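Enquirer: Attaching a single structure in structure tokens format; questions to follow.
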Amino acid sequence: MPDGTGGRDHWHSIVAVTIRRTRLAQLLILTSAVGAEVLPSLGLLSHRVRQIPAQPAQLVNAPGSDLILVDARRDLAAAKSLCKILTTTGIAVPLLLILTEGGLTAVSADWGVDDVVLDSAGPAEVDARIRLAIGRQAQEQSASKIQTSGVVIDEASYSAKVQGRPLDLTFKEFELLRFLATHPSRVFTREQLLSEVWGYDYFGGTRTVDVHVRRLRAKLGDLEQLIGTVRNVGYRFNVYEDDNAPAPTPSP
């Protein structure tokens, strides 16, 4: 009768292949059982794992991570409360819930988690769930960003950078830049920009547009010419031919 050695070798070879295919991730486990094996299969994977107590106060100085796992094996109510705190405060990484099989029926969409994993799951499954959760978030973040001509506009966080430098924009300056950048090379009159950026119920004059364009250009610095002027018409977002091309000169 086989002693099982071949089976174990085969199993560990599968785990090794899984490890090689996966990017090393920084994982943070929130648990009331710090020091225990919350998800045993993680011990067979190459991810870097840290544990901290599952208490909101501990999150203030929590180490950075690519993904957070919440231990819900023993106290579903406390885990649900913690998940809601994490999602309402706007964590920037995916959130996975570690459960026993009996806890699956208690989880619903209002927990705000990205995925669940059983504490008995094998390493291949655990690794796949980690990889997919991180990958999905990366795709979502990419979809919310506009990147053009040295400018990166993040619609999700209402922030923008020019050549890697953060821009300190007001809400309307951000909205003006975002609107023009999403319609590159298209010319808009001041009246159109008032309608699109400020709204139909705005009663101020078109001078407001000129003031905001001037301030936006000042903050763009060396790339101020991205906001081009078309004489007697309005403004447009000029686009580089490539990343190394000089900024185009606006019409006088």
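Enquirer: Looking at the stretch 166-199, which of its residues are of a type in the set (A, V, I, L, M), touching a strand residue (DSSP E or B) at 6+ places or on another chain (Cβ under 6 Å) and either over 21 Å from residue 221 (Cβ atoms) or surrounded by fewer than 18 Cβ atoms within 10 Å (Cβ to Cβ) (or both)?
Expert: 187
Enquirer: Return the only residue of 34, 17 being assigned by TED's automatic domain parsing to the domain that holds residue 113 and either in a loop (DSSP other than H, G, I, E, B) or at pLDDT 90 or above (or both).
Expert: Going through 34, 17 in turn, the sole match is 34.
Enquirer: Could you please let me know if residue 72 is farther than 30 Å from residue 158 by Cα and modelled with pLDDT of 95 or more?
Expert: So residue 72 fits the description; yes.
Enquirer: So residue 39 clears everything in (1) modelled with pLDDT of 95 or more; (2) of a type outside the set (Gly, Ala, Ser); (3) in contact with a Gly (Cβ under 8 Å, 6 or more places away or on another chain) except one condition, right? Which one?
Expert: Unmet condition: (3).
Enquirer: Let me ask another. In the list 46, 81, which residue meets the criterion of being hydroxyl-bearing (Ser, Thr, Tyr), within 24 Å of the chain's Cα centre (by Cα), surrounded by 15 or more Cβ atoms within 10 Å (Cβ to Cβ) and at pLDDT 90 or above?
Expert: After ruling out the rest, the residue left standing is 46.
Enquirer: If a residue has to be farther than 14 Å from residue 238 by Cα and either free of Cβ contacts under 8 Å to residues at least 12 places away in the same chain or not hydrophobic (A, V, I, L, M, F, W, C) (or both) to count, how many in the stretch 153-208 make the cut?
Expert: So the count comes out to 31.
Enquirer: Output the residues belonging to the stretch 89-108 that are under 23 Å from residue 157 (Cα atoms) and of a type in the set (Gly, Ala, Ser).
Expert: 90, 92
Enquirer: Suppose we keep only residues that are modelled with pLDDT of 90 or more and of a type in the set (Val, Ile, Thr) within the stretch 183-218. Which one would you say is nearest to residue 162 (Cα to Cα)?
Expert: Across the stretch 183-218, the extreme among qualifying residues is 213.
Enquirer: From (1) among the acidic types (Asp, Glu); (2) over 16 Å from residue 47 (Cα atoms); (3) in contact (Cβ under 8 Å) with a residue 60 or more places away in the chain, pick out the condition that doesn't hold for residue 127.
Expert: Condition (2) is where residue 127 drops out.
The values are calculated or read from the model by the stated rules, or taken from the named source; none is laboratory data. What you see is a predicted model; the values in this text were computed from it and never measured. No Cβ is skipped: glycine too gets one built from the backbone with ideal geometry, and neighbour counts run over all protein chains shown.
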